[in-house]
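Undergrad: First the structure, which I've put down as structure tokens, then a few questions once you've had a look.
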Amino acid sequence: MDSESKLPPNDPDTDESPKQRLDRELMELLQGLRVALPGVQVLFAFLLTVPFATGFEQVDQFQQQLLVFALAAAAVASICLITPAAQQRILFRTGQREVLIRRSNGYSIAGAIALGVAMAVSVLLIVDVIFGLSTAAWLAAALTAFWAWAWFVQPLLTRPSSNGSDR
């Protein structure tokens, strides 16, 4: 017996069957990932090319470490944001859609965090090279506070506490 056959009856608020709800939730999740993926892929590609750019030999060891950290964070973001689509293909028609949605939601959140870190560290690196570490640190901190607020704090503050569903 698969996990989808154990689902509750139709939702009285939306009149969706459990299967319809899972289908909708999966499509919403994958649509959201389609928005994030191009950005993380462009950032990752950019970071991969930096060591081969003219002038890279002039960066100091700290800046090289920043690049490696940003590159690793972008790689983690790419892995996390691609994982739901890869797992959906493997778990296709196995009755594991609810497990896939819960797992993919976690990967999506982890991917967003890794993307935010990669962006902040990339800004820290570039602005450090151009203006120095003090300016870079302030700007990276401000951008980190902004993405943390916009992506996590604000939605968590407005999330209904009665149940975790989004209708």
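Undergrad: Determine which member of the set 93, 89 is closer than 17 Å to residue 27 by Cα and not in a helix (DSSP H, G or I).
TA: 93
Undergrad: Can residue 116 be described as touching a Cys at 6+ places or on another chain (Cβ under 6 Å) and part of a helix (DSSP H, G or I)?
TA: The answer is no for residue 116.
Undergrad: Right, next: Between a first residue in segment 71-100 that is farther than 23 Å from residue 48 by Cβ and a second residue that is at pLDDT below 90 and in a loop (DSSP other than H, G, I, E, B), which pairs have beta carbons less than 6 Å apart while being 6 or more apart in sequence or on different chains?
TA: Partner pairs satisfying both residue conditions: 95/2.
Undergrad: Then there's this: Can you name the condition, by its number, that residue 47 falls short on among (1) surrounded by fewer than 18 Cβ atoms within 10 Å (Cβ to Cβ); (2) under 15 Å from residue 114 (Cβ atoms); (3) not acidic (Asp, Glu)?
TA: The failed condition is (1).
Undergrad: Next question. Tell me, please, whether a residue that is within 22 Å of residue 31 (Cβ to Cβ), loosely packed, with under 13 Cβ neighbours inside 10 Å and acidic (Asp, Glu) can be found in segment 147-167.
TA: yes
Undergrad: Ok, one more. Name the residue that is modelled with the lowest pLDDT, counting only residues in segment 56-74 that are out of contact with any helix residue (DSSP H, G or I) (no Cβ under 7 Å at 6 or more places or on another chain) and in a helix (DSSP H, G or I).
TA: Restricting to residues being out of contact with any helix residue (DSSP H, G or I) (no Cβ under 7 Å at 6 or more places or on another chain) and in a helix (DSSP H, G or I), the top hit is 57.
Quick grid of which residues meet (1) surrounded by fewer than 19 Cβ atoms within 10 Å (Cβ to Cβ); (2) in contact with a strand residue (DSSP E or B) (Cβ under 9 Å, 6 or more places away or on another chain); (3) among the aromatic types (Phe, Trp, Tyr); (4) more than 25 Å from residue 56 (Cβ to Cβ):
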| residue | (1), (2), (3), (4) |
| --- | --- |
| 74 | no, no, no, no |
| 77 | no, no, no, no |
| 84 | no, no, no, yes |
| 138 | yes, no, yes, no |
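Undergrad: Can you spot a residue in segment 126-135 that is buried (at least 17 other Cβ atoms within 10 Å of the Cβ), aromatic (Phe, Trp, Tyr) and assigned to a helix (DSSP H, G or I)?
TA: no
Undergrad: Would you be able to say whether some residue in segment 125-139 is within 20 Å of residue 33 (Cβ to Cβ) and free of Cβ contacts under 8 Å to residues at least 12 places away in the same chain?
TA: no
The values are calculated or read from the model by the stated rules, or taken from the named source; none is laboratory data. Model, not experiment: these values are computed from the prediction. A quick note on method: Cβ atoms are made from the backbone with ideal geometry, for glycine too, and the neighbour counts reach across all protein chains shown.
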